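For reference, the structure discussed in these notes is given below.
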Amino acid sequence: MERLLEPERMILFRVPWVDDKGEMHVNRGYRVQFNQTLGPCRGGIRFHPSMNLSVSKFLSFSQTFKNALSPYKLGGAAGGSDFDPKGKSDNEVMRFCQSYMSELYRYLGPDQDLPSEEMGVGTREMGYLFGQYKRLIGHFQGSFTGPRIFWSGSSLRTEATGYGLVFFAQLMLADMNKELKGLRCTVSGSGKVAMHVLEKLLAYGAVPITVSDSKGYLVDEDGFDYVKVSFLRDIKAQHRSLRDYSKTYARSKYYDEAKPWNERCDVAFPCASQNEIDQTDAVNLVNSSCHILIEGSNMPCTPEAVEVLRKANVLVAPAIAAGAGGVAAGELELTHECNAMNWSPEDFETKLQEALKQTYQRALKAAVDFGYQKESPDALVHGATIAAFLSIAQGMADQGCV
């Protein structure tokens, strides 16, 4: 445990870049390769003003457990920069990404560390990052996980994490002889993960009623449908406020400086950021009749919130298990079979569901093996952590004090 808690490698560097006016800026770049016991590192790159070394360590530690629990033999890493891509032109983002990669490339590679999308990093950013990486190493080696339908890789990488959360919820409900159909679901966030959660909830017949951004949250009492989700995507693509949605749909309301956890719901999907649910929010969730919480963001609940949910018997699916869809998609994308031909969405979803099912069963088995009741509200939390820890600890013991 003492060795595991210390990251193997922390990379800290400056990222100088020039904006469209010719002015110079300097940001900080980070990459923490937390643990490579089980295999090469995989993990996200986050561009956000709040990004720092502490957040990088936390994210890479979580990713280590997430990867260890998945069906793939992988280590964990994470990183990014305090650069904010919001409001920047494509050229500014390109110049920043090229500068960032000019330092980081020497620590990356298919057998060492491959980055994936995270908050503030999407198709555009991954394309620029990979382009610079390819140029610096001199050949097309491996690939960063990201939606590059036209030049390699799978067709559903971006959707994988959000879809996976809904698949995981369905697995939990199936064990209770229930299904998602007709259930009211609150979702926080309105980025890649949250929007694909909405999409897949609709496919299962659930009724998603909320999304949120950094300024507040939007609730639609009638529930979102495919047309409304498409409208939300347009709003986000144009960098407009979610408040604009209410001008079109009268039965909706936008609440400033608030979170969606006091809306009546059956299942909650926090998909915004770490520590987004505090003790008060957890009490609101319990009072709102929520009985299942699926963690979409990494560690969305504070310790006080976790305690409230446990006492109220709210079933919690931890992010290290429920978020395994992104891990699975990244690895499927790197296989020769997947790169040789683009899989159909149906094939890809089948593989994704299988990976989530294995992760779910492994977490549940570990919980039962270590004396937790299968029906216990935190069985999955304990089981997932135990199963992941044992995999890593066994490998570290076998490999000696290194």
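The values are calculated or read from the model by the stated rules, or taken from the named source; none is laboratory data. What you see is a predicted model; the values in this text were computed from it and never measured. Quick reminder, even Gly has a Cβ in these numbers, built from the backbone with ideal geometry, and neighbours come from all protein chains shown. Accessible surface is based on the protein model in full, side chains and every heavy atom, while ligands, DNA and RNA are left aside. Shrake-Rupley method; radii C 1.70, N 1.55, O 1.52, S 1.80 Å.
The table for this structure:
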{"read-out": "Given (1) more than 22 Å from Val193 (Cα to Cα); (2) open to solvent by 60 Å² or more (accessible area, probe 1.4 Å), number of the condition Gly75 does not satisfy", "value": "(2)"}
{"read-out": "Scan of region 29-57 for residues that are within 18 Å of Asn298 (Cα to Cα) and open to solvent by 30 Å² or more (accessible area, probe 1.4 Å), ordered by number", "value": "His48, Pro49, Ser50, Asn52, Leu53, Ser54, Lys57"}
{"read-out": "Ala250, sole failed condition from (1) surrounded by 17 or more Cβ atoms within 10 Å (Cβ to Cβ); (2) in a loop (DSSP other than H, G, I, E, B)", "value": "(1)"}
{"read-out": "Pairs, first assigned by the TED database to the domain that holds Ile320 in region 264-275, second among the acidic types (Asp, Glu) and part of a loop (DSSP other than H, G, I, E, B), C-beta under 8 Å, six or more apart", "value": "Pro270/Glu276; Pro270/Glu295"}
{"read-out": "Among residues of region 343-402, those that are of a type outside the set (S, T, N, Q) and assigned to a loop (DSSP other than H, G, I, E, B), counted", "value": "11"}
{"read-out": "Residue among Pro300, Pro318 that alone is closer than 23 Å to Asp378 by Cβ and out of contact with any helix residue (DSSP H, G or I) (no Cβ under 6 Å at 6 or more places or on another chain)", "value": "Pro300"}
{"read-out": "Test: Val166 is modelled with pLDDT of 95 or more and not in a helix (DSSP H, G or I)", "value": "no"}
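This table checks each residue for (1) in the same structural domain as Gln112 (by the TED database); (2) at pLDDT 95 or above; (3) assigned to a strand (DSSP E or B).
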site	(1), (2), (3)
Arg28	yes, yes, yes
Arg31	yes, yes, yes
Lys57	yes, yes, no
Phe61	yes, yes, no
Thr64	yes, yes, no
Lys73	yes, no, no
Gly76	yes, yes, yes
Gly79	yes, yes, yes
Gly87	yes, no, no
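Quick grid of which residues meet (1) in a loop (DSSP other than H, G, I, E, B); (2) in contact with a Gly (Cβ under 8 Å, 6 or more places away or on another chain); (3) open to solvent by less than 30 Å² (accessible area, probe 1.4 Å):
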position	(1), (2), (3)
Ala272	yes, yes, no
Val283	no, no, no
Ser289	yes, no, no
Glu304	no, no, no
Leu309	no, no, yes
